[in-house]
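These notes are about the structure you will find just below.
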């Protein structure tokens with residue numbers, strides 16, 4: 001059908017691919033110099049796209065995969081339309097210990113809202129938060145967190161929530177590192193994000209954390225736009241303000257639980273394609289990595305292992321916190337990674353530098 | 001924060017914008033000739049990007065909006081990251097009468113699966129389908145359709161469903177027009193899709209129809225990739241086949257009802273941005289059009305009116321079917337469009353040609 005195929009030629013990605021080809025020709029025509037300052041040239045110009053990574057199996061696996069995936073004619077070639085890269089966030093792109101960033105945000109919000117809720121002083125889980133009982137908080141169940149998230153993230157419009165969350169992320173500091181939470185992003189992973197994008201991949205966050213919360217800072221921190229943030233969601237409700245303006249109000253009702261199997265389900269829901277490359281770091285990411293690896297096309301699954309007690313935290317079987325509920329990483333997951341031939345990243349051995357702010361020291 | 005802004009420069013859209021700028025310079029350097037055959041040059045080369053539209057208010061509203069939205073410095077300029085265009089599908093991109101394409105698909109599937117379900121012969125809604133009772137089918141409730149969709153779209157993997165749906169869309173013919181259903185797409189709307197994409201808009205389908213069904217043909221028919229198809233969804237369930245391969249199985253449980261307020265809710269869920277331009281044709285699209293119009297940025301809402309009984313169908317207040325359940329269009333919606341200053345498209349007056357196959361006649 002001619003009409004159909006001509007319509008297909010009009011996809012943005014088709015256009016992207018042809019633009020890219022054109023740019024390469026343009027560069028071949030020695031016009032390259034005038035573009036030299038452009039970030040997009042990094043993949044052509046830089047010797048090492050991953051300078052914060054030590055040489056080793058993990059780094060090589062990523063470089064090899066991208067080289068093959070972008071080489072037409074390679075039996076591991078991935079067409080540009082299928083260059084989907086998915087990343088867990090907590091513990092994969094930024095620090096998740098001792099509590100997820102969003103949990104800290106929720107705790108800060110409970111404290112800010114407490115004067116309007118005198119009943120919280122005597123009712124758990126609020127009571128534990130208001131009395132700074134970190135031990136109790138560390139063992140909150142998923143239901144406890146749902147309740148806290150519902151109380152702090154609902155009952156306002158999506159725009160109002162975005163503002164509250166953006167204020168928090170611009171100011172809240174982690175006491176251990178004494179840096180903004182948004183500065184606790186892993187420099188090696190920022191390099192991977194940029195490297196993949198330079199090679200035509202679209203980078204998605206696929207997080208158990210709240211979608212709207214992550215969206216409030218993801219573009220500034222990771223260069224990932226709202227439409228590429230998939231997270232756990234609560235329902236919204238369409239309605240009208242008193243003046244007739246349409247509104248979307250956040251409801252305290254869980255909609256998509258983007259953990260475990262939910263990650264594969266939601267990748268299908270949002271993208272409708274399997275990731276070609278996926279990064280995770282805990283049992284909640286296992287199904288996403290399996291799903292990336294389950295297709296017939298070339299793929300790479302990468303599992304990040306927190307084994308650096310000196311520069312960050314060590315947890316999972318090799319660390320001091322084998323049973324942590326924050327970023328659970330079991331021996332079974334480690335075994336599965338070996339069995340499935342996932343690339344395993346040791347933060348201690350594979351990452352030369354963890355944070356951008358280390359340079360300043 | 002330097003790191004943050006440098007990350008932002010790495011978004012695909014940032015890259016897209018700089019590539020586009022580069023291409024314009026390249027064209028300025030008289031390299032244009034070698035690209036002349038490329039579709040992407042349409043926006044530079046063609047005198048009229050909407051040749052199937054008659055000159056008139058509706059066409060002019062679209063041309064004016066795009067000209068202003070893409071002109072830096074214009075007070076109606078829309079940054080490339082916000083160039084989101086959303087389209088209802090049934091009755092907006094393709095014919096929806098006398099029954100939605102997906103309803104025909106479901107009916108065909110019920111008939112194909114009937115030998116395995118002897119009980120359907122005596123139970124509604126299946127009975128009505130198996131006895132070709134079109135009158136009963138035309139007044140099926142939403143619940144009836146949910147039941148039919150559940151029986152025909154669930155209990156198989158997403159890949160298997162895609163195959164079944166793709167087979168149908170490659171062969172099923174509409175008896176009235178004697179063409180494939182996938183040929184009953186409106187040529188003027190294909191032009192709008194291409195025109196918007198040529199101007200940096202990303203085009204999304206936002207349909208009350210089933211997401212997975214639409215994805216099975218949307219790329220070929222409209223040039224819209226799976227990740228830009230938002231539709232009504234049923235849950236999927238992650239699991240494993242007997243050989244250990246991961247699977248996603250479609251469940252008969254409604255997940256997102258992408259109609260009415262659900263369209264605005266799901267646009268927020270999937271995209272996290274308001275559409276800059278939105279197209280609809282029935283009461284189920286009203287909230288999407290309102291949501292597009294509710295923001296502060298420049299926007300355009302377009303309502304398509306089926307008033308061409310000769311070339312297609314006439315329904316709504318001006319047509320012979322004021323009470324149709326398929327593409328309901330009330331007088332109230334028409335009044336709302338006037339009040340809100342939406343652009344109203346009369347298919348009869350504004351569209352010179354409806355279908356690509358008309359040329360063949």
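Annotation: residue A:67 fulfils all but one of (1) farther than 21 Å from residue A:290 by Cβ; (2) at pLDDT 95 or above; (3) buried (at least 18 other Cβ atoms within 10 Å of the Cβ); the unmet one is (3).
Could you tell me which residue of the stretch A:169-195 is surrounded by the fewest Cβ atoms within 10 Å (Cβ to Cβ), considering only residues that are within 12 Å of another protein chain (Cβ to nearest Cβ) and more than 22 Å from residue A:304 (Cα to Cα)? Restricting to residues being within 12 Å of another protein chain (Cβ to nearest Cβ) and more than 22 Å from residue A:304 (Cα to Cα), the top hit is A:170. Checked against the criterion of being touching a helix residue (DSSP H, G or I) at 6+ places or on another chain (Cβ under 8 Å), within 21 Å of residue B:252 (Cα to Cα) and outside the structural domain of residue B:81 (by TED's automatic domain parsing), the stretch B:192-210 has no qualifying residue.
Residue B:43 falls short of the stated requirement of being at pLDDT 95 or above, within 14 Å of chain A (Cβ to nearest Cβ) and farther than 30 Å from residue A:180 by Cβ. Of B:294, B:244, B:262, all but one fail to be at pLDDT below 95, over 25 Å from residue B:62 (Cα atoms) and assigned by TED's automatic domain parsing to the domain that holds residue B:74; the exception is B:244.
Between A:74, A:131, the distinction of being more than 14 Å from chain B (Cβ to nearest Cβ) and out of contact with any helix residue (DSSP H, G or I) (no Cβ under 7 Å at 6 or more places or on another chain) belongs to A:131 only.
Candidates in the stretch A:284-333 are the residues that are assigned to a helix (DSSP H, G or I) and surrounded by fewer than 17 Cβ atoms within 10 Å (Cβ to Cβ); of these, the one that is farthest from the other protein chains (Cβ to nearest Cβ) is A:331. Checking each residue in the stretch B:192-225 for being part of a helix (DSSP H, G or I) and more than 19 Å from residue B:275 (Cβ to Cβ) picks out B:212, B:213, B:215, B:216, B:217, B:219, B:220, B:221. Considering the conditions (1) more than 18 Å from the chain's Cα centre (by Cα); (2) modelled with pLDDT of 95 or more; (3) not assigned by TED's automatic domain parsing to the domain that holds residue B:60, residue B:140 is excluded by exactly one of them, (2). Each residue in the stretch B:231-247 was checked for being surrounded by fewer than 24 Cβ atoms within 10 Å (Cβ to Cβ) and in contact with a helix residue (DSSP H, G or I) (Cβ under 6 Å, 6 or more places away or on another chain), and 4 pass.
Looking only at residues that are closer than 23 Å to residue B:294 by Cβ and at the interface with chain B (Cβ under 9 Å from one of its Cβ atoms) in the stretch A:248-266, which one is surrounded by the most Cβ atoms within 10 Å (Cβ to Cβ)? Only one residue tops the list, namely A:248.
Every condition in (1) facing chain A (nearest Cβ under 9 Å); (2) assigned to a helix (DSSP H, G or I) is met by residue B:237 except one, and the failing one is (2). Candidates in the stretch A:267-283 are the residues that are out of contact with any helix residue (DSSP H, G or I) (no Cβ under 7 Å at 6 or more places or on another chain) and within 30 Å of residue A:79 (Cβ to Cβ); of these, the one that is farthest from the other protein chains (Cβ to nearest Cβ) is A:281. Report, by residue number, each residue of the stretch B:240-264 that is over 23 Å from residue B:100 (Cα atoms) and in contact with a strand residue (DSSP E or B) (Cβ under 8 Å, 6 or more places away or on another chain). Within the stretch B:240-264, B:240, B:241, B:246, B:247, B:248, B:249 meet the criteria.
Scanning the stretch A:197-213 for residues that are within 10 Å of chain B (Cβ to nearest Cβ) and in contact (Cβ under 8 Å) with a residue 40 or more places away in the chain turns up A:198, A:200, A:201, A:202, A:203, A:204, A:211, A:212.
The values are calculated or read from the model by the stated rules, or taken from the named source; none is laboratory data. Computed from a predicted model, the values in this text were never measured in an experiment. Virtual Cβ from ideal backbone geometry, glycine too; neighbours counted across all protein chains shown.
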